[in-house]
Amino acid sequence: MGLNLRIIVHIMGLLLLCNGSFMLLAALVSGIYQDGATLDITLAALVTLFVGVMAMFYTRGHKKEVKRKEGYIIVTFGWIIMSLSGVLPYLFSGAIPTLTNAFFETLSGYTTTGASILNDIESLPEGILFWRSLTHWIGGMGIIVLAIAILPLLGIGGMQLFAAEAPGPGGDKLHPRITDTAKRLWLIYVGYTIAETLLLKLAGMTFFDAINHSLSTLSTGGFSTKNLSVAYWNDQPLIQYIIIVFMFLAGTNFVISYFAFTGKVQRIIKDEEFKFYALFLLVFTIIAALVVYFQADVPVSDYHPKVLGDFESAVRHGLFQVLAIVTTTGFVTADFTNWTPFLTVFFFGLMFLGGSAGSTSGGIKVMRHILIIKNGILEFKRTLHTNAIIPVRYNNKSVSEHIVYNIIAFFVLYMLLFIIGALVLGYLGLDFESAIGGAASSLGNVGPALGDLNPVVNFSSLPAFGKWWCAFLMLLGRLELFTVLIVLTPVFWKRT
């Protein structure tokens with residue numbers, strides 16, 4: 001049986017309609033601020049909408065059935081189509097004149113990576129900055145639906161386990177329960193975005209900065225409207241604490257928020273991933289804060305640029321950077337690669353952690369780490385008791401061997417892709433620190449990296465092929481590896 005190409009094209013058209021509509025919103029912002037880019041963004045929106053309408057018009061009457069193969073193609077090519085159309089506002093306005101740079105910035109937006117090639121963000125028109133932040137937010141919404149509704153059905157990277165915990169899908173077909181779940185989680189996502197915007201505005205940000213940073217925070221993206229990122233507000237701790245709270249929420253399984261709003265507190269307390277997520281953040285923050293307090297200079301304000309031994313500042317910067325890296329948001333309050341060699345290695349290690357499954361975070365995810373560690377510990381028991389059947393347990397339930405093997409395969413493949421990613425960047429001329437930092441950051445959708453790709457310098461210095469390569473790594477990491485890689489295998493395209 002062949003592929004149902006008509007529904008694939010139809011859904012691509014629907015995605016383009018959504019993208020074009022969001023571009024019109026960016027054009028409206030551009031018009032309000034009279035930044036000179038209104039016509040360019042509007043034209044980009046009209047082109048996108050036209051292609052989307054044509055795609056849907058010529059595939060009307062399609063068979064409404066999405067099988068596993070179509071699912072892989074829709075997820076993978078959906079992100080690519082969104083990114084290819086998303087470059088238009090940058091190209092038409094001249095904000096990013098080359099396709100390579102525009103595609104890198106756009107895919108970095110949709111994958112909520114936050115790595116940038118822009119050296120002077122503040123010189124861009126407001127409409128373009130808003131579109132840049134919107135790509136994060138759209139991508140974040142997509143990730144929630146992906147995690148809740150699509151990946152578990154495709155059997156991706158152990159996400160079936162998450163499906164069992166979520167108040168949503170089961171079985172092999174999309175059905176109304178998935179739609180209801182996605183709607184509820186989107187509502188929470190939108191609600192958090194509005195709440196953060198209001199709080200940041202009250203704390204002293206302009207409304208424009210507040211909405212942009214909210215769009216970036218809830219998507220765990222990291223694009224800022226300032227060249228200094230959140231370090232711009234180092235003399236306004238309240239702003240940074242608000243972002244800290246919402247980074248924590250964005251890195252938490254959105255189903256946990258759903259339970260919180262529906263009064264199911266026991267479900268939250270009993271959730272192993274949430275407990276470990278919170279514990280990891282607490283321990284890592286204590287380590288980072290102590291090292292910053294005793295060994296590193298951190299910026300406190302414009303009037304006191306460097307203060308050693310300021311406890312509140314040390315805790316805030318330590319907590320902020322730990323959350324920004326673990327949740328893969330990528331905001332920075334300082335160049336953490338300049339703090340101490342220990343913290344550089346420490347934050348590099350955190351790039352492999354990731355937030356919770358069902359969040360907008362990238363990375364390996366806390367749930368997978370828990371199960372890999374548990375399985376590793378149980379191997380000692382299995383070695384001693386060779387005939388005993390000792391299953392891995394998660395949330396007091398036995399986890400099937402199939403899921404455990406799937407997660408181990410994911411982890412091995414992730415590390416292998418990291419090594420290959422770093423080798424390619426090294427071959428392109430990057431030094432060791434930049435190569436491993438760039439690969440880990442791109443694959444984990446973190447944003448800032450190390451060496452020549454540190455938070456201050458960004459990815460603009462990469463050669464053209466390096467930018468396309470990092471964009472490929474971003475897509476791999478965002479779509480849970482298997483989704484993209486399986487589409488690249490010859491066996492996938494054989495007729496069955």
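For segment 365-407, which residues satisfy the criterion of being under 25 Å from Leu281 (Cβ atoms) and hydrophobic (A, V, I, L, M, F, W, C)?
Result: Val366, Met367, Ile370, Leu371, Ile372, Ile373, Ile377, Val392, Val399, Ile407.
For a quick check of your reading of the model, give me the residue pairs whose first member lies in segment 26-38 and is farther than 17 Å from Thr48 by Cβ, whose second is part of a helix (DSSP H, G or I) and open to solvent by 30 Å² or more (accessible area, probe 1.4 Å), with beta-carbon atoms closer than 7 Å and at least 6 apart or on different chains.
Qualifying pairs under 7 Å: Gly31/Thr38; Tyr33/Glu126; Asp35/Glu126.
From the residues in segment 181-197 that are under 21 Å from Ser356 (Cα atoms) and open to solvent by 40 Å² or more (accessible area, probe 1.4 Å), which one is modelled with the lowest pLDDT?
Let us first name the residues in segment 181-197 that are under 21 Å from Ser356 (Cα atoms), namely 181-193, 196.
Still in the running and open to solvent by 40 Å² or more (accessible area, probe 1.4 Å): 183-184, 186-187, 190.
Details: Lys183: 76, Arg184: 81, Trp186: 83, Leu187: 87, Val190: 93.
So the residue we want is Lys183.
When segment 20-47 is examined, which residues are found to be of a type in the set (S, T, N, Q) and over 24 Å from the mean Cα position of the chain (by Cα)? Can you show your working first?
We begin by selecting, within segment 20-47, every residue of a type in the set (S, T, N, Q); these are 21, 30, 34, 38, 42.
Matches in segment 20-47: Ser30, Gln34, Thr38, Thr42.
Is it true that Gly52 is more than 30 Å from Leu462 (Cα to Cα), under 24 Å from the mean Cα position of the chain (by Cα), buried (at least 18 other Cβ atoms within 10 Å of the Cβ) and modelled with pLDDT under 95?
no
Can you pull out the residues in segment 123-139 that are touching a helix residue (DSSP H, G or I) at 6+ places or on another chain (Cβ under 7 Å) and either within 22 Å of Leu453 (Cα to Cα) or β-branched (Val, Ile, Thr) (or both)? Step through it out loud before you land on a result.
From segment 123-139, those touching a helix residue (DSSP H, G or I) at 6+ places or on another chain (Cβ under 7 Å) are 125-139; that's our starting set.
Scanning segment 123-139 gives Ile128, Leu129, Arg132, Ser133, Thr135, His136, Ile138.
So how many residues does segment 454-484 have that are aliphatic (A, V, I, L, M), modelled with pLDDT under 90 and over 19 Å from Tyr110 (Cα atoms)?
Restricting attention to segment 454-484, the residues satisfying the condition of being aliphatic (A, V, I, L, M) are 456-457, 462, 464, 471, 473-476, 479, 481, 484.
Filter once more, so that each one left must be modelled with pLDDT under 90: 456-457, 479, 481, 484.
Remaining after also requiring over 19 Å from Tyr110 (Cα atoms): 456-457.
Qualifying residue count, segment 454-484: 2.
Rundown of residues vs (1) surrounded by 18 or more Cβ atoms within 10 Å (Cβ to Cβ); (2) touching a Gly at 6+ places or on another chain (Cβ under 8 Å); (3) modelled with pLDDT of 95 or more, yes/no style:
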site	(1), (2), (3)
Leu88	yes, no, yes
Gly94	no, no, no
Pro97	no, no, no
Phe104	yes, no, yes
Leu118	yes, no, no
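Taking the residues in segment 1-19 that are over 22 Å from the mean Cα position of the chain (by Cα) and not hydrophobic (A, V, I, L, M, F, W, C) as candidates, determine which candidate is farthest from Asp40 (Cα to Cα).
Gly2
Residue under question is Met12, and the condition is that it be buried (at least 16 other Cβ atoms within 10 Å of the Cβ) and farther than 30 Å from Ser214 by Cα; does it hold?
Working: buried (at least 16 other Cβ atoms within 10 Å of the Cβ): yes; farther than 30 Å from Ser214 by Cα: no.
Answer is no for this residue.
Would you point out which residue out of Thr98, Thr42, Thr112, Thr59 is touching a His at 6+ places or on another chain (Cβ under 6 Å) and without any contact (Cβ under 8 Å) to a residue 60 or more places away in the chain? Step through it out loud before you land on a result.
Details: Thr98 fails: touching a His at 6+ places or on another chain (Cβ under 6 Å); Thr42 fails: touching a His at 6+ places or on another chain (Cβ under 6 Å); Thr112 fails: without any contact (Cβ under 8 Å) to a residue 60 or more places away in the chain.
Just a single option satisfies the conditions, and that option is Thr59.
Got a sec? Which helices (runs of 4 or more DSSP H) wholly within segment 14-122 have at least 2 residues that are farther than 30 Å from Asn454 by Cα and touching a Phe, Trp or Tyr at 6+ places or on another chain (Cβ under 8 Å)?
Values: elements: 38-58, 68-86, 88-93, 99-110.
Answer list for segment 14-122: 38-58, 68-86.
Can you tell which of Asn227, Asn212 is farther than 18 Å from Ser361 by Cβ, modelled with pLDDT of 90 or more and not in a helix (DSSP H, G or I)?
Working: Asn212 fails: not in a helix (DSSP H, G or I).
Going through Asn227, Asn212 in turn, the sole match is Asn227.
Taking segment 223-277, which residues are open to solvent by less than 70 Å² (accessible area, probe 1.4 Å), aromatic (Phe, Trp, Tyr) and closer than 27 Å to Val457 by Cα?
Hits for segment 223-277 are Phe223, Trp233, Phe246, Phe248.
Which residue is modelled with the lowest pLDDT, if the candidates are limited to segment 55-80 and must be of a type in the set (A, V, I, L, M) and under 28 Å from the mean Cα position of the chain (by Cα)?
Pass one, segment 55-80, residues of a type in the set (A, V, I, L, M): 55-56, 66, 73-75, 80.
Keeping just the survivors that are under 28 Å from the mean Cα position of the chain (by Cα) gives 66, 73-75, 80.
Numbers: Val66: 70, Ile73: 85, Ile74: 84, Val75: 83, Ile80: 92.
So, considering only residues that are of a type in the set (A, V, I, L, M) and under 28 Å from the mean Cα position of the chain (by Cα), the one modelled with the lowest pLDDT is Val66.
Thr42 fails exactly one of the following numbered conditions: (1) buried (at least 20 other Cβ atoms within 10 Å of the Cβ); (2) out of contact with any helix residue (DSSP H, G or I) (no Cβ under 8 Å at 6 or more places or on another chain). What is the number of that condition?
Against the list (1) buried (at least 20 other Cβ atoms within 10 Å of the Cβ); (2) out of contact with any helix residue (DSSP H, G or I) (no Cβ under 8 Å at 6 or more places or on another chain), Thr42 comes up short only on (2).
Could you grab me the full set of residues in segment 310-339 that are open to solvent by less than 10 Å² (accessible area, probe 1.4 Å) and among the hydroxyl-bearing types (Ser, Thr, Tyr)?
Correct list: Ser313, Thr327, Thr328, Thr329, Thr333.
Mind listing whichever residues of segment 198-208 are open to solvent by 10 Å² or more (accessible area, probe 1.4 Å) and either assigned to a helix (DSSP H, G or I) or of a type in the set (Gly, Ala, Ser) (or both)?
Those that are open to solvent by 10 Å² or more (accessible area, probe 1.4 Å) and either assigned to a helix (DSSP H, G or I) or of a type in the set (Gly, Ala, Ser) (or both): Leu198, Leu199, Lys201, Leu202, Ala203, Gly204, Phe207, Phe208.
Output the residues belonging to segment 454-496 that are free of Cβ contacts under 8 Å to residues at least 24 places away in the same chain and either crowded, with 23+ Cβ neighbours inside 10 Å or of a type in the set (Gly, Ala, Ser) (or both).
Ser461
The values are calculated or read from the model by the stated rules, or taken from the named source; none is laboratory data. Please read all numbers here as calculations on a predicted model, not as lab measurements. FYI the Cβ positions are ideal-geometry reconstructions off the backbone, even for glycines, and counts take in every protein chain you see. Areas reflect the complete protein model, heavy atoms only, side chains present, ligands, DNA and RNA absent. Shrake-Rupley method; radii C 1.70, N 1.55, O 1.52, S 1.80 Å.
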